[in-house]
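For reference, the structure discussed in these notes is given below.
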Amino acid sequence: MTTTPTTIYLNDDLKKELTKKLDSLGITLNTYFNIAARQFVLQNHLPFEISDDIPTEKTEKTVILTKARELKLIKDDSVSFDDIDEAIKFLDSEV
């Protein structure tokens, strides 16, 4: 099988981090891209999930607290209202 040289431009920091992680697996950058390309051709879709949903520390804490309240592991001290006017007054007083 013949090969064709291909140029790929990567952010320097991304390339360093990717190369380091691939090296730990014994895989070269070239091999990685060949694997990804072959899987894309075979599966007819990206062979991995694309996600930008890396939660911030604040989001993670909020999710954990919400789950703990749902499981009644901690007291739910959230403010709730039966009347919209009460809610507006509360919000105005918090500013």
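The values are calculated or read from the model by the stated rules, or taken from the named source; none is laboratory data. From a predicted model like this one, the values you see are computed outputs, not experimental measurements. When we count neighbours, we look across all protein chains shown, and the Cβ atoms used for this are built from the backbone with ideal geometry, even at glycine. Just the protein is used for accessible areas: all its heavy atoms, side chains included, with ligands, DNA and RNA removed. Shrake-Rupley method; radii C 1.70, N 1.55, O 1.52, S 1.80 Å.
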Self-check item: Output for segment 29-80, where each listed residue is of a type in the set (Val, Ile, Thr), at pLDDT 85 or above and under 19 Å from residue 14 (Cβ atoms)
Solution: 31, 35
Quiz item: Restricting to segment 1-31, what's the tally of residues that are loosely packed, with under 10 Cβ neighbours inside 10 Å, within 21 Å of the chain's Cα centre (by Cα) and not in a helix (DSSP H, G or I)?
Solution: 1
Quiz item: How many residues does segment 32-63 hold that are surrounded by 12 or more Cβ atoms within 10 Å (Cβ to Cβ), outside any loop (DSSP other than H, G, I, E, B) and not hydroxyl-bearing (Ser, Thr, Tyr)?
Solution: 7
Quiz prompt | Filter result (part of a helix (DSSP H, G or I), basic (Lys, Arg) and open to solvent by 100 Å² or more (accessible area, probe 1.4 Å)) within segment 64-95 | solution = 67, 89
